[in-house]
Amino acid sequence: MSGYNSDGFMDEDYDDDAFEYSEEEEEFGHNAIIGNSAGASQLNNESQTETQPGVSADGPFYENDLLDDTGDFEPVLGSIKKKKAWEVDYMIYDPEELRAKQVNIAARMEPLLGISKEATRLLLRHYFWKEENLIEDYLSDSERTLAKAGLTAYPPPPELKSGDENFSCAICYTDGADESYLALTCGHRFCSDCYRTYVTGKVLEGDSWRIHCPAPKCKVLLGITASRLLLAQDNTVMERYEENLTRSFVNDLDTFAWCPAPNCEYAIECHVPRTAWATTIPVVECKCGNSFCFGCKFDNHLPAPCYMVSRWLQKCKDDSETSNWIKVNTKECVKCKSTIEKNGGCNHMTCRDCHYEFCWICMGPWSEHGQQFYNCNRFNEDSSKEARESISKTRQSLERYIHYFTRYNNHEQSAKLARKLLATTEKNMEQMQRELALSWIEVQFLRDAVDVLSVCRSTLKWTYVLAYYMVADNQKIIFEDNQSDLEMATEQLNGLVEDPIGQDTVDDIKRKIMDKSTYVKTRWETLLRDITTGLQENRWQFETL
Amino acid sequence: MSMVPKRIMKEVERLNKDPVPGIEVDIVEGNIRYFNVIMAGPSQSPYEGGHFKLELFLPEEYPMSPPKVRFLTKMYHPNIDKLGRICLDILKDKWSPALQIRTVLLSIQALLSAPNPDDPLANDVAEQWKTNEKQAIQTAAAWTRKYASQ
Ligand SMILES: [Zn+2]
Ligand SMILES: [Zn+2]
Ligand SMILES: [Zn+2]
Ligand SMILES: [Zn+2]
Ligand SMILES: [Zn+2]
Ligand SMILES: [Zn+2]
């Protein structure tokens with residue numbers, strides 16, 4: 001990198017340093033060159049409280065989103081959101097911006113290499129856009145570098161020629177002076193019809209810049225200019241060609257990835273290196289709303305690292321037989337044995353028959369939950385120690401797994417149930433208002449609360465995966481205390497959200513829900529901050545995976 | 001796509017006028033895209049003395065797509081599997097529309113002379129070829145006598 005940065009060709013998007021900045025630095029400083037879709041790293045629920053006026057949830061809109069030839073950039077002021085400890089930097093690109101990005105990089109490299117635009121952009125692609133490697137190779141042996149890529153420094157502009165009596169197309173065997181043909185620097189000539197058919201076939205297979213001369217074993221690249229020339233009459237294929245170029249750009253760069261949401265056209269740029277994924281979870285949120293991990297492309301799995309997530313998911317798949325029975329949504333009341341069905345997201349259960357109040361997860365009495373000594377979230381390693389003689393090792397490890405899986409799975413199910421409940425509540429309130437001619441009740445606070453619930457449940461869900469692999473020690477106890485704090489607060493909020501709302505109680509409930517939401521969010525942030533620093537400090541020991 | 005048949009016609013014409021030594025190509029009655037091929041085993045190879053049957057089909061996209069070729073005679077060869085399918089780069093990603101039936105058949109003939117057990121299609125045969133080449137060549141020769149000498 002340093003070799004050319006110092007020449008004034010500062011690479012603002014690729015310089016790793018550009019992505020490390022102090023806490024105080026505003027978030028969107030480097031994005032001026034990209035335009036208005038510069039990404040905002042933020043989680044759902046934050047945008048509601050922390051977004052500054054004039055900044056949309058999609059990120060700030062820039063007035064000077066013009067391309068900057070010199071490579072200098074001025075930080076754009078406008079957004080003041082501070083990055084949270086667990087958030088990473090990233091940018092979002094739409095297809096048009098992706099095209100501009102490719103043009104920009106090539107334009108910056110062109111004077112540096114001193115070769116044609118065509119050769120520059122093909123060479124960049126040949127090097128998977130790894131500019132440092134390209135420069136290094138090019139400086140040590142420019143001719144070899146070009147030849148290996150099937151290029152020449154200044155290829156003559158491709159043109160369709162005709163008028164050669166001796167011409168014969170080696171593909172269709174037509175010949176004569178009437179035939180128009182194309183020849184690349186290698187001299188292999190083919191008629192334009194065959195060339196078109198050939199290129200079209202390649203493009204429909206997903207190829208773009210890698211298309212080379214059709215002659216056997218010839219490595220000379222056809223090039224972007226020639227491809228566009230040949231496809232000029234066919235808009236559909238031309239469009240595919242351009243798409244393929246962009247697709248290969250995103251696929252070839254480790255620092256870019258497509259949003260995995262179905263039909264989403266956005267790509268994300270993120271520079272958290274693969275080596276950091278064990279302690280940093282590169283979660284990004286696409287403009288389409290999809291929050292996912294840049295590393296493994298799975299749904300947002302904060303705060304469990306990618307490698308743990310993939311191990312866990314594999315384990316769940318392998319053990320699905322055993323875990324299936326846990327998913328059953330009915331249980332018996334421990335007191336009167338009548339069947340109880342879980343139909344809300346809240347774990348606070350009350351038996352319809354005997355009114356025993358208990359916790360759905362551990363079946364323990366609810367009255368003890370929420371008190372310091374009660375640990376619904378903690379797997380009791382001691383009690384399993386006592387039982388070691390009587391219970392086999394496999395059974396022990398199964399019980400341990402089931403303990404964590406039950407809680408993991410519960411948060412997943414509860415998040416779904418809370419969403420469902422929200423829909424019914426909204427419908428009920430609408431109906432109530434219509435039928436009783438009551439004044440309009442703003443339900444946004446409910447939606448916000450359910451959003452908070454979803455985020456927290458997702459986080460809690462993955463904390464159980466962390467805990468499953470975490471070796472029991474004092475640090476784990478502290479971890480579980482934080483986990484328990486958030487879990488209790490989340491359950492309380494869930495309980496409030498499920499309380500029936502009437503015209504007379506709405507103000508009271510609204511205030512309670514909003515207060516509790518704020519509190520839950522604080523707990524959530526505390527937990528995430530703590531886990532983030534803990535992972536980076538190697539505070540916990542994990543089972544060697 | 002009227003140009004494609006023209007090319008096929010010319011190829012067939014040239015194959016008739018100037019046949020490849022050791023390779024006999026016959027058009028299957030009524031289908032100009034379908035050929036029966038008889039290939040003589042190359043000398044100095046365990047296939048020497050054998051006459052191997054192949055079928056060759058030119059798909060609609062030919063010559064943009066490679067011809068489909070497979071051996072009908074049972075072969076003991078690391079790059080040819082039980083179904084007679086052939087592992088040859090020019091029949092896959094290294095195909096060029098400027099290649100021809102002639103070049104394809106010559107390449108297959110060359111493959112019989114120089115088996116490549118490092119890029120196998122028939123794993124068990126390749127394994128044998130690598131661990132005990134002498135034995136493998138004997139088996140190939142035995143198969144040639146058994147299946148390819150009519
Ligand atoms: Zn042609
Ligand atoms: Zn060529
Ligand atoms: Zn998306
Ligand atoms: Zn991940
Ligand atoms: Zn009961
Ligand atoms: Zn409990």
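The values are calculated or read from the model by the stated rules, or taken from the named source; none is laboratory data. Bear in mind that the values here come from a model prediction, so they are computed numbers and not experimental data. Backbone-built Cβ (ideal geometry, glycine too); neighbour counts: all protein chains shown. Please note that ligands, DNA and RNA were not included when accessible areas were found on the heavy atoms of the full protein model with its side chains. Shrake-Rupley method; radii C 1.70, N 1.55, O 1.52, S 1.80 Å.
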Everything considered on the Cα gyration tensor (a ≥ b ≥ c; rounded for a/c under 1.5, else prolate if a/b is larger than b/c, else oblate), segment A:258-315 must be described as oblate
Ignoring ligands and nucleic acids, A:Trp366 exposes an accessible area, probe 1.4 Å, in Å² to the nearest 10, of 50 Å²
Ordered by number, the chymotrypsin sites (Phe, Trp or Tyr not before Pro) in segment A:411-511 that occupy a DSSP loop and have at most 13 other Cβ atoms within 10 Å are A:Trp440
Mean per-residue count of partner chain Cβ within 10 Å for B:91-101 equals 5
Rounded to the nearest Å, the spacing of the alpha-carbon centers of segment A:226-301 and segment A:137-158 is 28 Å
Note: A:Arg511 to A:Lys219 extended length (0.36 nm per residue) minus current alpha-carbon separation gives 98.1 nm
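Using a 1.4 Å probe and counting only protein heavy atoms, arrange A:Phe256, A:Phe298 so the residue with the most accessible area comes first.
If we order A:Phe256, A:Phe298 from most to least accessible, we get A:Phe298, A:Phe256.
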On the accessible surface of segment A:107-251, probed at 1.4 Å with all protein chains in place, carbon and sulfur together account for a percent value of 47 percent
Rounded to the nearest 0.05, FRET efficiency between B:Glu24 and B:Lys94 (Cβ-Cβ, R0 35 Å) equals 0.85
Taking A:Glu96, A:Glu131, A:Glu442 and ranking on accessible area (1.4 Å, protein atoms only), highest first, one gets A:Glu96, A:Glu442, A:Glu131
Quick calc: nm separation of the 7 Å Cα→Cβ label points for A:Ser140 and A:Ala278 -> 3.0 nm
Between the alpha carbon centres of segment A:508-541 and segment B:107-150 the gap in Å comes to 67 Å
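Given segment A:107-251, what count of lysine pairs have C-alpha atoms under 16 Å apart, with each pair 8 or more places apart or on different chains?
4
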Quick calc, A:Thr544 & A:Asp499: beta-carbon distance into FRET formula, R0 41 Å, rounding 0.05, result 0.35
In nm, the gap between the two label points placed 7 Å beyond Cα toward Cβ at B:Lys82 and A:Glu243 is 4.1 nm
In Å², rounded to a whole number, the accessible area per residue of segment A:258-315 with probe 1.4 Å is 41 Å²
Which of A:Lys461/A:Lys510; B:Lys74/B:Lys94; A:Lys83/A:Lys521; A:Lys84/A:Lys521 exceed 18 Å between C-alpha atoms? The answer is A:Lys461/A:Lys510; B:Lys74/B:Lys94
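Suppose R0 equals 60 Å. What FRET efficiency, 1/(1 + (r/R0)^6) with r the Cβ-Cβ distance, do B:Ser113 and A:Gln536 give to the nearest 0.05?
According to the calculation, E is roughly 0.45.
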Computed on Cα atoms only, the convex hull of segment B:6-147 has an orientation-averaged projected area in nm² of 8.4 nm²
Site B:Leu106, offset 7 angstrom along Cα→Cβ, radius 19 Å on amide nitrogen, limited to segment B:33-47, gives B:37-43
